[in-house]
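Inspection log for the structure reproduced underneath, given as structure tokens.
The values are calculated or read from the model by the stated rules, or taken from the named source; none is laboratory data. Note that the coordinates shown come from a computational prediction; the quantities given were computed from them, not determined experimentally. Cβ atoms come from the backbone with ideal geometry, glycine included; neighbour counts cover every protein chain shown. With ligands, DNA and RNA removed, areas are computed over all heavy atoms of the protein, side chains included. Shrake-Rupley method; radii C 1.70, N 1.55, O 1.52, S 1.80 Å.
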2 protein chains.
Amino acid sequence: MKKLINDPQNVVVESLAGLGSAHPDILKVCFDPNYVIRADAPVQGKVALVSGGGSGHEPMHAGYVGKGMLDAACPGQVFTSPTPDQIEAATQAVHGGAGVLHIVKNYTGDVMNFEMAAELCAVQGIEVQAVVINDDVAVEDSLYTAGRRGVGTTVLAEKICGAAAERGYDLARVTDICRKVNANGRSMGMALTSCTVPAAGKPTFELPDDQMEMGIGIHGEPGRARMSLTPARDITTRLAETVIADLPFQRGDRVIALVNGMGGTPLIELYLVYNELEQICHGKGLTIARRLVGNYITSLEMAGCSITLLKADDELLSLWDAPVFAAGLRWGM
Amino acid sequence: MKKLINDPQNVVVESLAGLGSAHPDILKVCFDPNYVIRADAPVQGKVALVSGGGSGHEPMHAGYVGKGMLDAACPGQVFTSPTPDQIEAATQAVHGGAGVLHIVKNYTGDVMNFEMAAELCAVQGIEVQAVVINDDVAVEDSLYTAGRRGVGTTVLAEKICGAAAERGYDLARVTDICRKVNANGRSMGMALTSCTVPAAGKPTFELPDDQMEMGIGIHGEPGRARMSLTPARDITTRLAETVIADLPFQRGDRVIALVNGMGGTPLIELYLVYNELEQICHGKGLTIARRLVGNYITSLEMAGCSITLLKADDELLSLWDAPVFAAGLRWGM
């Protein structure tokens, strides 16, 4: 295992400590239980957004904590759900009197623990709504999931709902917008290589030198098919056509596109994939109105990519364009 | 070779095409010869900044083209210097009547070709100054270099000089600031794995599973020492102490720090390295006044990191804090 770490058991807390000292203007890291909140939390009178999940997907979610996006993130151990007490403490810390929205990726442990935390918060008089993101078209059920997995649409939902909350929308309206994003977003990913969970010390799966895994999950869960490696044009076409056919996206639709790297894929390749995606969307009559190209929801050092498309109307585009101040998002998005 | 590419010969142009279609609000990509310019180039009356070098280091340099940073970038083939005609065309395209600064990383081919381009431009009446960045403390001469290599300080120089040019400073003053950044910046890197140049199809070098290369160059050039893999704390200490001793940085200095990933290192590890660096700097009496943590000057999918420290006074910090609108820089820097 070749990693820039000290003790495999301490990777998450040591990395969080670095995040906290790097960005004191944006966020604050709390330990035992571990969570990350906006530097100015709680913001009185604003709906608070809380997300979380296993670590190893950075910059998601802690990199999306900041003005205009999340109020709090709850990082679990690598590829492990955060515990109810983490989520409860984070929810309490950011509650500003206008209620809290939990944005939850659809993995069994995450859903269960967010539900338990919401119940604990309700007892304390905090109004909590939850939206479960389940945008991955690759498989219906998987290793850690009943139903579809939650992947790239989560990033878009956090940005858009963060803007909605910042505008002063109430909890019902922010929740509705989050449901709308989930209803209109679809994703699919693929892997060229496996990743290695630090505590495991060996690759999660084996993938021969000439093979790739289509429909991979962000924890290395099996996808749809293992097949011979093909050119980027073919890979992008397979991902995009499956995503487009699922909603389905239709001629004339405007979309927000995310070409996401799994952590070990260099930017030169991701922009090449974006170039293919542009042409495919153009051919189908879809307009990419906005986009992100980079590593946004990763699987440690896995090589590969995912594609997310979100059908966007004027409301979603306007919220997308609102300012954001988070460590994990780029100026030039 | 596992990469998201089509034809190894077309990686650079296809990736540039994607960059251009992704960011039309920021930049424009020109082909034959290939260069990338600000969307609003030329900006009349402003000193123009041009950089460039081999591709494979993304987001450097094309990701740093935009308001507040570079006016143009000249991407060569992967790990290959741009040609004089590329640099000449880019310089002409962005010249706004106030002269042009070439920011050149110290590699023999880059230096020679930027010099030839500057001579060609001078004949046309364009005033060109050049600053060669040579901040890598690892080795004195190397495979492609007489003298020290240019690495991470280049990113900081492009940001700071871009802000100076945006403020309306004249060519002499922007050039002086660039020299000051180079004089006060020092870097060193290390690799956990090699990278594979697409046209070569096989790893640039071999590195056993239990070994790392300290002092690696950004093209995989040999460094100072190959040694057994150690914890991140030891690696960071070796890099930081060599960097600090070289200038030398002294108790009471304020620094801008860059913890840079080589392309295949996940953010969770880079923040862990930043956490170590913070403690080392604190112990030495250095204050990290500003920082970047992420993949900024990469070597394709190489795993590893580099550390850059820049001794910064009020002038440099003020320029650092100025707004920038480039695809490769983060909001929350």
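Are any of the pairs B:159/B:284; A:28/B:284; A:202/A:284; A:28/B:46; A:2/A:180; A:67/B:67 more than 32 Å apart by Cα-Cα distance, and if so, which?
Flagged as over cut-off: A:202/A:284; A:28/B:46; A:2/A:180.
With a 10 Å radius around each residue's Cβ, average the other Cβ atoms per peptide and rank B:302-314, B:219-231, highest first.
B:302-314, B:219-231
Can you give the average number of partner chain beta-carbon atoms within 10 Å of each beta-carbon in peptide B:53-63, as a whole number?
3
From the residues A:286, A:161, A:59, which one has its Cα farthest along the dipole of chain A in the positive direction, the dipole being from +1 and -1 charges on Cβ of Lys/Arg and Asp/Glu about the Cα centre?
Positive-most Cα among the choices belongs to A:286.
For B:319-325, what's the mean count of beta carbons from other chains sitting within 10 Å of each residue's beta carbon?
Whole-number average of other-chain Cβ neighbours for B:319-325 is 1.
Expected output is a single nm value to one decimal: the length gained when fully extending between residue A:140 and residue A:44, i.e. 0.36 nm times separation in residues minus the C-alpha distance. What is it?
30.6 nm
Which value, in Å³ per residue, describes the convex hull spanned by the Cα atoms of the range A:30-90?
71 Å³
For chain A, modelled as a Gaussian network with Cα springs under 10 Å, which listed residue fluctuates most, A:255, A:13, A:181?
A:13
How many angstrom lie between the C-alpha centres of the range A:45-60 and the range B:1-64?
Between the Cα centre of the range A:45-60 and that of the range B:1-64, the gap is 33 Å.
Determine the sum of side-chain charges near residue B:6: Lys and Arg each +1, Asp and Glu each -1, restricted to other residues whose C-beta is under 11 angstrom from that of residue B:6.
Overall, the nearby charge balance is -3.
When DSSP beta bridges are limited to those with both residues in the range B:185-324, what percentage is antiparallel, rounded to the nearest 5?
Here the antiparallel bridges make up roughly 70 percent for the range B:185-324.
Over both sides of the B-A contact, add up the buried accessible area with a 1.4 Å probe and give it to the nearest 100 Å².
That pair hides around 5400 Å² of surface in total.
Under the convention of a label 7 Å out along Cα→Cβ, give the distances in nm from residue A:127 to the same position in every other copy, shortest first.
Values, ascending and in nm: 6.5.
At a Förster distance of 30 Å, what's the computed FRET efficiency of residue B:234 paired with residue A:9, Cβ-Cβ distance as r, to 0.05?
0.95
Hey, any idea what the orientation-averaged projected area of the convex hull of the range B:182-318's Cα atoms comes to, in nm²?
8.3 nm²
Give me the percent of DSSP beta bridges within the protein assembly as shown that run antiparallel, rounded to the nearest 5.
The antiparallel proportion sits near 55 percent.
Just going by the charge dipole of the range A:32-184, with Lys and Arg at +1 and Asp and Glu at -1 on Cβ, which of A:47, A:72, A:116 is farthest out on the positive end?
A:47
Using the alpha-carbon centroid of each, what span in Å lies between the range B:269-333 and the range B:168-212?
Here the answer is 14 Å between Cα centres.
Placing one identical point scatterer on every Cα of chain B and ignoring solvent, what is log10 I(q)/I(0) from the Debye formula at q = 0.07, 0.13, 0.14, 0.16 Å⁻¹?
-0.25, -0.91, -1.06, -1.40
At what distance in angstrom do the alpha carbon centres of the range B:232-262 and the range A:98-134 lie from each other?
When both Cα centres are located, 42 Å separates them.
Once you average over the residues of A:20-26, how many Cβ atoms of partner chains fall within 10 Å of each Cβ?
So the per-residue partner count for this stretch is 5.
Restricting to Cα pairs below 8 Å that are 6+ residues apart, what does the relative contact order work out to for chain B? Please round to a whole percent.
Relative contact order of chain B: 18 percent.
What are the semi-axes of the equivalent ellipsoid for the protein assembly as shown, taken as the square roots of 5 times the Cα gyration tensor eigenvalues, largest first, in whole Å?
Gyration-tensor ellipsoid for the protein assembly as shown: 37, 27, 25 Å.
For labels at residue A:315 and residue A:227 in the simple 7 Å Cα→Cβ model, what's the distance in nm?
Once both label points are built, they end up 3.8 nm from each other.
Report the local net charge at residue A:149: Lys and Arg +1, Asp and Glu -1, summed over other residues whose C-beta lies under 15 Å from its C-beta.
Net charge in that neighbourhood comes out at -4.
Classify the range A:1-124 as rounded, prolate or oblate, taking a ≥ b ≥ c as the square roots of the eigenvalues of its Cα gyration tensor: rounded when a/c is under 1.5, otherwise prolate if a/b is larger than b/c and oblate if not.
Here the range A:1-124 falls in the oblate category.
How far apart are the residue A:44 label points across copies, placing each 7 Å from Cα toward Cβ, in nm, shortest first?
Reported distances to equivalent positions: 5.2 nm.
How much of the DSSP beta bridge set in chain A is antiparallel, as a percent to the nearest 5?
That works out to approximately 55 percent antiparallel.
Given label points at 7 Å from Cα along Cα→Cβ, what nm distances, shortest first, separate residue B:140 from the same residue in every other copy?
Distances to the matching label points in the other copies: 7.0 nm.
Take residue B:205, project a point 7 Å from its Cα along the Cβ direction, then tell me which residues of the range B:119-149 have their backbone nitrogen under 17 Å from it.
Within reach of a label on residue B:205: B:136-149.
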